[in-house]
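*Asks:* Before anything else, here's the structure in question.
The values are calculated or read from the model by the stated rules, or taken from the named source; none is laboratory data. This one's a predicted model, so the numbers in the text were calculated from it and none came from an experiment. Backbone-built Cβ (ideal geometry, glycine too); neighbour counts: all protein chains shown. These accessible areas exclude ligands, DNA and RNA; they are computed on the full protein's heavy atoms, side chains included. Shrake-Rupley method; radii C 1.70, N 1.55, O 1.52, S 1.80 Å.
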Amino acid sequence: MKNVLSLQQKIVPEIIELLLKRYKILKCIYYNQPVGRRALSQELDLGERVVRTEVNFLKEQGLIEIYSTGMTVTKDGEYILESLEEMIHEISGLADVENKLKKILEVHKVIVVPGDIDEDITVLKEMGRLAANYIKSIMSNDTIIALTGGSSVSQVVENFPKVSKENILVVPARGGIGRNVETQASTLAAKLAYKIGANYKLLHVPDNLSREALGTMLNEPGIKDVVQNISKADILIFGIGRADEMSKRRGLEEAEIEELLSKGAVAEAFGYYFDKEGEIVYKTPTIGLDFKDVPNIKHIVAVAGGKGKAEAIIATKINNPNMVIVTDEAAAKEILNIQRVNKR
């Protein structure tokens, strides 16, 4: 297939461009259905005339249906989207990018989704879907899944397929954060458990407690039980944040933010802040996953995308060869750029 694609790109490059455009439109309809033409035009930043022409073509091919409420993707359309994944991957040259990143980051696997989440929100949804499918493939009976909060992990939960495994337990990897209850770890843990028919335990503990309060709460039987389950997790799902952004979201004092940034913090994951070398420079006072337990977790899946997250992804080294990173094309290429600059 690689040779055929290479020939097509040289002889009839317009076919590849048209394929990518129609694939992107079909995928956008799928993730936003039911969706109207105007909304689709705005989402893709394409002219309404172009969208109308392509939508009519997709309708004629039986790939979408058009209703008064909007457009939806048919079963044939879903099959086409799934079947084209490998080809789009090859066209975008992402297989080579994944192999390069795997060596640079020294992880088990890297999955790169075409596009940029900062320009196309469906890319984040696609990242969530691929991460969810991978996690399903490694699940077995009696598995404990720990997950953090955030928009990236939320998309993993939203796109999780049906699972036929027994005695699965889902737990939040840490306490609450910020005001957005919908994307907090406990909320997502309960939601994932409901989707896959698993059991769950919650951790209703806010961030940034005093050391004294933390010590007291850790002695509570219910909290102690959840923390013990977190430490025994078989699968950890987490998002990676930028230190400057996450420190503000977590409500740190200005003095604390200045201190951790002065120490070179560039990344945050499950309450820990890392510098460019992957060293921990600060820990948020919270109850949840202890970093010393991370190396013992069999499967670790990190989900993060966007060019601005590249440095944070590099920094979040957890010394676990079983780690899998799901990211987008924008972040992946920026990581390669950073690597080239550092070699000079």
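*Asks:* Return the whole-Å distance between the Cα centroid of segment 269-296 and the Cα centroid of segment 50-114.
*Replies:* That distance is 35 Å.
*Asks:* Quick query: amide H of Val205 versus all other amide H atoms, modeled in the peptide plane; which residues come in under 5 Å with a sequence gap of 5 or more or a different chain?
*Replies:* Hits under the 5 Å cutoff: Gly176.
*Asks:* Bin by bin, in steps of 10 Å, what percent of the Cα pairs in segment 221-344 do you find, going until the bin that has the longest distance?
*Replies:* Reading upward from the zero bin: 13, 41, 34, 11, 1, 0.
*Asks:* In µm²/s, what is D for segment 44-120 at 4 °C and 1.567 mPa s, where D = kT/(6 pi eta Rh) by Stokes-Einstein and Rh is the Kirkwood radius from Cα pairs? Write out the running numbers ahead of the final one.
*Replies:* On the way: Rh = 15.1 Å.
Value of D from the Cα-based Kirkwood radius: 86 µm²/s.
*Asks:* Round to the nearest 10 and give me the degree value, 0 to 90, for the angle of helix 94-105's Cα axis relative to the longest principal axis of the chain.
*Replies:* 20 degrees
*Asks:* Give the accessible surface of the chain per residue, rounded to a whole number of Å², with probe radius 1.4 Å and ligands, DNA and RNA excluded.
*Replies:* Counting only protein heavy atoms, the per-residue value for the chain is 50 Å².
*Asks:* Here is a follow-up. All other residues with a Cβ under 10 Å from the Cβ of Glu158 taken together, and with Lys, Arg as +1 and Asp, Glu as -1, what is their net charge?
*Replies:* Working: positive: Lys125, Arg129, Lys191, Lys195; negative: none.
Local charge sum for Glu158: +4.
*Asks:* Would you mind checking which residues have amide H under 5 Å from Asp328's amide H? H placed 1.01 Å from N; only 5 or more apart, or other chain.
*Replies:* Here the answer is Val113, Gly306, since their amide H atoms fall under 5 Å of that of Asp328.
*Asks:* OK, next. Taking the chain as the reference, fit the longest principal axis to its C-alpha atoms, fit the long axis of helix 329-343 to the helix C-alpha atoms, and give the angle between the two in degrees, 0 to 90, nearest 10.
*Replies:* 70 degrees
*Asks:* While we're looking at this one, here's another question. In units of 2.2 N^0.38 Å, what is the alpha-carbon radius of gyration of the chain? List each step's numbers first, then the result.
*Replies:* Details: Rg = 21.4 Å, N = 344, 2.2 N^0.38 = 20.2 Å.
Its radius of gyration relative to the 2.2 N^0.38 Å reference: 1.06.
*Asks:* Once R0 is set to 30 Å, what does the formula 1/(1 + (r/R0)^6) return for the Cβ-Cβ distance between Asn199 and Ile280, expressed as a FRET efficiency to the nearest 0.05?
*Replies:* 0.40
*Asks:* Hull surface divided by four, with the convex hull built on the Cα atoms of segment 29-87: how many nm²?
*Replies:* The orientation-averaged projected area of the Cα hull of segment 29-87 comes to 4.1 nm².
*Asks:* Right, here's the next one. Looking at the chain, what % of its DSSP beta bridges pair antiparallel, to the nearest 5?
*Replies:* The antiparallel fraction comes to roughly 40 percent.
*Asks:* Under 5 Å between amide hydrogens, which residues at least 5 positions from Tyr200 or on another chain qualify, with H placed 1.01 Å from N in the peptide plane?
*Replies:* Val170
*Asks:* Give the carbon-plus-sulfur fraction of the accessible surface of the chain in %, rounded to a whole number; probe 1.4 Å, heavy atoms of protein chains only.
*Replies:* Carbon with sulfur: 48 percent of the solvent-accessible area.
*Asks:* Under 12 Å Cα-Cα from Lys75, which aspartates and glutamates qualify once same-chain neighbours fewer than 8 residues away are excluded?
*Replies:* The qualifying aspartates and glutamates are Glu65.
*Asks:* Could I ask something else about it? Each label point is 7 Å from the Cα along the Cα-to-Cβ direction; what then is the distance between the points at Thr53 and Lys136, in nm?
*Replies:* Distance between the two pseudo-spin positions: 3.7 nm.
*Asks:* Mind computing the radius of gyration and Dmax over the alpha-carbon atoms of segment 1-138? Å is fine for both.
*Replies:* 16.1, 50
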